[in-house]
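Each remark here refers to the structure printed beneath this line.
The values are calculated or read from the model by the stated rules, or taken from the named source; none is laboratory data. A quick note: this is a predicted structure, and the numbers were derived from the prediction, not measured. Here the Cβ is made from the backbone with ideal geometry for all residues, glycine too, and neighbour counts use every protein chain on show. Calculation scope for accessible area: heavy atoms of the full protein, side chains included, ligands and nucleic acids excluded. Shrake-Rupley method; radii C 1.70, N 1.55, O 1.52, S 1.80 Å.
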Amino acid sequence: MRDLLRFEFRKLRTQKSFYICLAIMIAMILITGITYKVVLDYMPETAEAVETEGGETLPKTFSGFLLGFLSASNFSLIAAVFVSIVVCTDYEGQIIKNIYARGYSRENYYLSKLIYVFTVTTVMFLAAFTVSALFGAVFFGTSGIDGKCFLLIAIQYLASMAEVALYFAISSMIKKLGGAIAICIFAPMLVSLLLGLGDTALKLEDFKITNAWLSSFTSDLANSAVGTGRIVACAVLSVVYAVLFIAAGFAFNRKAEV
């Protein structure tokens, strides 16, 4: 598997999709930061009226901007596209057949590709976080930061990697780039919609089914007022989802024909 990992990371230097996705994320963070700053400075009435997805008013502090960096960078959408490209390119370019012909097992290939994807998306996550911290400091100063902020960002990372595991499993099953991108983007939305309909039908007062799905984690974790119980739930469920998605993709990969 070591040779497969070397092969994957050697390709990274010339992988245009990585640099394009990274550049888009940074550009989105910059645009979002400038927009927030302009609204706060020149349209204070509008700033008070605008709400983010997490239910908070428009971020006015460094910590508020930092906690929303996943949404600002469109990390989930860009990661879905990137993972689909990385996984499906090997199938559409028949690279996978050459790898198996050299004697590498399906298990080693799957695990090496998974490690590569997790590593590169982690780099993207850290890059988006770092850029957000720099822009946030410039736009809002560095006040309002505390230990809880970094804890929430750490759990956001777990939730993001669970999403990456989902995209990886879907792409490994679909194998076609166009279909994989479409399903990676719309399947999580469809799940959220169906769970929302379930909440509407059941009308539960103390529990919402949508709160158990990934899309709700990052929005809740972007709110500094989120409770400890919810933080723990998001962390545990993120790990559970990641394990389930990895196992599902692994099981399918062992049986599927190339």
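Looking only at the stretch 212-249, residues that are open to solvent by 60 Å² or more (accessible area, probe 1.4 Å) and in a helix (DSSP H, G or I) come to 7 in all. Restricting the search to the stretch 87-102, which residues are over 22 Å from ILE183 (Cβ atoms), in a helix (DSSP H, G or I) and open to solvent by 50 Å² or more (accessible area, probe 1.4 Å)? Scanning the stretch 87-102 gives LYS97, ASN98, ALA101. When the residues of the stretch 196-211 are filtered to those that are over 18 Å from ARG230 (Cα atoms) and more than 28 Å from the chain's Cα centre (by Cα), the one that is most open to solvent (accessible area, probe 1.4 Å) is LYS203. Within the span defined as the stretch 153-168, one or more residues are open to solvent by 40 Å² or more (accessible area, probe 1.4 Å), free of Cβ contacts under 8 Å to residues at least 40 places away in the same chain, hydroxyl-bearing (Ser, Thr, Tyr) and in a helix (DSSP H, G or I). Taking the stretch 1-41 as the range and being open to solvent by 50 Å² or more (accessible area, probe 1.4 Å) and of a type in the set (Val, Ile, Thr) as the test, the residues that pass are THR14, ILE20, ILE24, ILE26, ILE31, ILE34, THR35, VAL38. So which residues in the stretch 103-113 are more than 14 Å from PHE252 (Cα to Cα) and open to solvent by less than 30 Å² (accessible area, probe 1.4 Å)? Selection gives SER112, LYS113.
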